[in-house]
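One structure is given below, encoded as structure tokens.
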Amino acid sequence: MCFALNRHEASHDIVKARGFAVYGYDLYAEAGSWELELIRSLGSATIWVNDRLNTPVAHAKAVVAAGLKLVTFDDRGDGAAFADLNISALVFEDIAGLKGKDVRSGVEFMILNPEIELYRRHRGSLTSILVTMGGADTYGVTIKVAQWLRDNAMHATIVTGPAFQHKDELDTILKGNTEGSLTHRGAVASLAQEMASHDIAITGGGVTPFEACAGGLPCIVIANEDFEIPVGRALEKLGCARFAGHHSTFDLGPAFEGLPIGTMSQAALDAVDLEGVRRVGSLIRGLEA
């Protein structure tokens with residue numbers, strides 16, 4: 001197995017540390033210009049799996065023309081039309097418009113960390129808050145959240161990922177945190193284990209809130225990207241989260257009002273299981289038949 005990643009050194013190191021080969025490609029390279037070189041170097045590859053928001057047609061055609069089956073995840077691009085399988089567990093609007101020979105949508109196809117099983121539990125009250133806005137947090141939402149929590153004298157643990165680019169700004173807020181209500185942890189070894197210690201998580205609208213919910217941890221979701229807005233609304237509809245809005249206009253005040261932690265935690269356990277990897281694995285193995 002080989003992971004094709006853009007040239008981000010920290011990400012390469014993480015994948016290599018787990019025993020996998022890495023192929024670095026230029027993020028701005030023309031679609032279809034580098035794929036064949038990688039396929040030839042692998043020799044025996046039969047399936048290409050994409051985790052891209054918008055797969056270009058030229059890229060998809062290059063992969064399929066080389067004789068590989070194409071699998072995509074949450075793909076809104078025109079290239080998805082060439083996919084043998086499009087797993088779209090994170091798509092909650094315009095599902096009928098998804099492209100692909102075989103499209104599967106729904107929370108049941110969410111691929112989540114199996115380690116979460118060790119920490120599944122019901123919460124009954126709010127005593128601890130976790131903030132985790134993704135590995136990079138492109139828009140610095142962590143900074144806005146930390147400032148709000150500090151100004152409202154709320155205690156929380158803030159976890160940032162390996163690509164976090166706003167450390168200086170966060171350090172400034174932490175230095176002004178005279179009562180020590182905010183704790184910062186960078187790149188924790190196990191986010192699943194960290195989640196187990198808290199009663200609600202403030203997250204983006206990607207996979208993270210589903211990982212939290214699978215462990216019984218309710219969420220307050222802030223959309224980092226426009227396409228995450230339906231995710232936040234869907235989780236709120238399931239009863240396991242509150243949606244605080246888009247990162248440019250979010251408001252945590254109403255989200256924290258009268259939180260029914262016990263009800264939300266049970267809804268989370270009921271709505272999100274850990275069988276998605278088995279379901280998706282079976283579908284991918286079926287392509288090799």
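The values are calculated or read from the model by the stated rules, or taken from the named source; none is laboratory data. This is a predicted model, so every value here is computed, not measured. Neighbour counts run over all protein chains shown; Cβ positions are idealised from the backbone, glycine included. Note: accessible area is taken over every heavy atom of the protein model, side chains too, but ligands, DNA and RNA are not part of it. Shrake-Rupley method; radii C 1.70, N 1.55, O 1.52, S 1.80 Å.
Could you give the length gained on full extension between L283 and A58, defined as 0.36 nm per residue of separation minus the Cα-Cα distance, in nm?
78.5 nm
Starting from the eigenvalues of the Cα gyration tensor, five times each then square-rooted, give me the equivalent ellipsoid semi-axes of region 135-287, largest first, whole Å.
Output for region 135-287: semi-axes of 27, 18, 15 Å.
When you take every Cα atom in region 170-235, what is the radius of gyration, and what is Dmax, the widest Cα pair distance, in Å?
So, for region 170-235, Rg and Dmax equal 13.6, 38 Å respectively.
What's the carbon and sulfur percent of the chain's accessible surface, probe 1.4 angstrom, rounded to a whole number?
Ligands and nucleic acids excluded, carbon and sulfur reach 50 percent.
Could you order F227, F164 by accessible surface area, starting with the largest, using a probe radius of 1.4 Å?
Result of the area sort, largest leading: F227, F164.
Report the GluC sites (Glu not before Pro) located in region 121-228 that are in a DSSP loop and have at most 11 other Cβ atoms inside 10 Å of their Cβ, or state none.
E179
Net charge near G134: determine it from the other residues with C-beta under 11 Å of the C-beta of G134, scoring Lys and Arg +1 and Asp and Glu -1.
-3
Excluding residues on the same chain fewer than 8 positions from K101, give the aspartates and glutamates whose Cα lies under 20 Å from its Cα.
The reachable aspartates and glutamates, counting only those whose Cα sits under 20 Å from K101, are D51, D74, D75, D78, D84, E93, E288.
So with the 1.4 Å probe, I'd like the accessible area per residue for the chain, rounded to whole Å².
For the chain, the per-residue accessible area is 49 Å².
Can you send over the solvent-accessible area of V207, 1.4 Å probe, protein chains only, in Å² to the nearest 10?
Here the accessible area works out near 50 Å².
On alpha-carbon atoms, Rg over Rh for region 22-98 using Kirkwood Rh?
0.98
Need one number: nm distance between label points at E115 and D171, each 7 Å from Cα along Cα→Cβ, rounded to one decimal.
2.7
Under a 1.4 angstrom probe, counting protein chains only, how are W148, W34 ranked by accessible area, largest first?
W148, W34
Specify the longest stretch of the chain that does not include any exposed loop site, a site being one of the trypsin sites (Lys or Arg not before Pro) with a non-H, G, I, E, B DSSP assignment and at most 12 other Cβ atoms within 10 Å.
122-289
Dividing the Cα convex hull volume of region 60-189 by residue count, how many Å³ per residue is that?
177
Just to confirm a number: summing +1 for Lys and Arg and -1 for Asp and Glu over residues other than V280 whose beta-carbon lies under 10 angstrom from that of V280, what do you get?
Charge balance in the 10 Å sphere: +2.
What does the extension gain come out to for D26 and T46, with contour length at 0.36 nm per residue minus their alpha carbon separation?
So the extension gain works out to 4.9 nm.
Net charge within 10 Å of V159 by Cβ-Cβ distance, Lys/Arg positive one each and Asp/Glu negative one each, not counting V159 itself?
Local charge sum for V159: 0.
Taking a threshold of 30 Å on the Cα-Cα distance, which of the pairs K16/K61; K16/K69; K69/K167; K144/K237; K16/K237 fall above it?
Pairs exceeding the cut-off: K69/K167; K16/K237.
So which DSSP H runs in the chain come out at 24 Å plus along the axis (Cα) with average Kyte-Doolittle of at least 1.0?
Membrane-span-like by this rule: not one helix.
Provide the descending list of Cα extents for the chain along its principal axes, expressed in whole angstroms.
60, 38, 34
Given R₀ = 25 Å, what would the calculated FRET efficiency be for T127 paired with H8, taking r from the Cβ atoms and rounding to 0.05?
0.10
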